[in-house]
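This report concerns only the one structure given below.
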Amino acid sequence: MTETIGSAYDVRAAEYVALLSDIAQTDARDRARIAAWRDATPGRLLDAGCGPGQWTRFLHDGARGVLGIDLSTEFIAHAGRAYPELEFRQGSFAALPLPDASLGGILAWYSLIHTPPEALPAILTEFARVTAPGGSILIGFFDGPARETFDHAVTTAYFWTPDALQPLLEQAGFAVTSRERRERTPGEPSSRPHASVTATRT
């Protein structure tokens, strides 16, 4: 499955870079939420599903150590060229190349939407493995009927809700600390409702 996702994004990488690689193209409310999370989360950060690297750079701009990881070799190549001062690796969330409890936080901004629901618990457990106690995870996703698929431009994707994610996070070793949901506004890249959840490693 991971190879399929990575290959699908490789094919569309140039299109996504043109559409979404500039941080100014992102919604100001998302930037504010991620900045607040970044500044409140001590230690090294992981941008899980970094894509072209714009959020990795945004995290780094908070004077933070940060690693970007993505399945797409094309995204990793672009990110390395755009931000040569940062570290990027091609890889899977299922087996992160990091020691136990080595991170202060993980940003998974729309990067878990292609994960089949049955595979998500193992990935959240892997996220918990590399996150130090007291560390934090911030997940962004499309809000809709939990676990249902929808037509995505690249490959199969799944809706989630904060209520549906909470027990999975708790089972993995996180405690949910905040959640938010909003409808889209004109001019955003997507029309589907947005939601996010923040959780602390227990």
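The values are calculated or read from the model by the stated rules, or taken from the named source; none is laboratory data. None of the values given here were measured: they were computed from a predicted structure. Methodologically, a virtual Cβ is constructed for each residue, glycine included, from the backbone with ideal geometry; neighbour enumeration extends over all protein chains shown.
Take the conditions in contact (Cβ under 8 Å) with a residue 60 or more places away in the chain, small (G, A, S) and under 29 Å from R147 (Cβ atoms) and apply them to A94. Does it pass?
When the stated conditions are applied, A94 passes them.
So F88 fits all but one of (1) at pLDDT 95 or above; (2) of a type in the set (F, W, Y); (3) part of a helix (DSSP H, G or I); what number is the exception?
Against the list (1) at pLDDT 95 or above; (2) of a type in the set (F, W, Y); (3) part of a helix (DSSP H, G or I), F88 comes up short only on (3).
Does region 100-115 include one or more residues that are of a type in the set (G, A, S) and without any contact (Cβ under 8 Å) to a residue 60 or more places away in the chain?
Within region 100-115, one or more residues are of a type in the set (G, A, S) and without any contact (Cβ under 8 Å) to a residue 60 or more places away in the chain.
Quick one: which of T155, T131 is at pLDDT below 95, of a type in the set (S, T, N, Q) and closer than 22 Å to A95 by Cβ?
Among T155, T131, only T155 is at pLDDT below 95, of a type in the set (S, T, N, Q) and closer than 22 Å to A95 by Cβ.
With respect to F142, is the statement that it is of a type in the set (F, W, Y), buried (at least 16 other Cβ atoms within 10 Å of the Cβ) and in contact with a Pro (Cβ under 9 Å, 6 or more places away or on another chain) true?
yes
Give the residues of region 74-104 that are surrounded by fewer than 20 Cβ atoms within 10 Å (Cβ to Cβ), in contact with a helix residue (DSSP H, G or I) (Cβ under 7 Å, 6 or more places away or on another chain) and either polar (S, T, N, Q) or farther than 30 Å from G134 by Cα (or both), sorted by residue number.
Listed by number, the residues that qualify are Q90, S92, S102.
Need the failing condition index for F150 against (1) out of contact with any helix residue (DSSP H, G or I) (no Cβ under 9 Å at 6 or more places or on another chain); (2) modelled with pLDDT of 95 or more; (3) of a type in the set (F, W, Y), just the number.
(2) is the only condition that F150 fails.
Table: residues versus (1) without any contact (Cβ under 8 Å) to a residue 12 or more places away in the chain; (2) part of a strand (DSSP E or B); (3) closer than 28 Å to A14 by Cβ.
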{"position": "L120", "(1), (2), (3)": "no, no, no"}
{"position": "I123", "(1), (2), (3)": "no, no, yes"}
{"position": "G134", "(1), (2), (3)": "no, yes, no"}
{"position": "P167", "(1), (2), (3)": "yes, no, no"}
{"position": "E180", "(1), (2), (3)": "no, yes, no"}
{"position": "R192", "(1), (2), (3)": "no, no, yes"}
{"position": "V197", "(1), (2), (3)": "no, yes, no"}
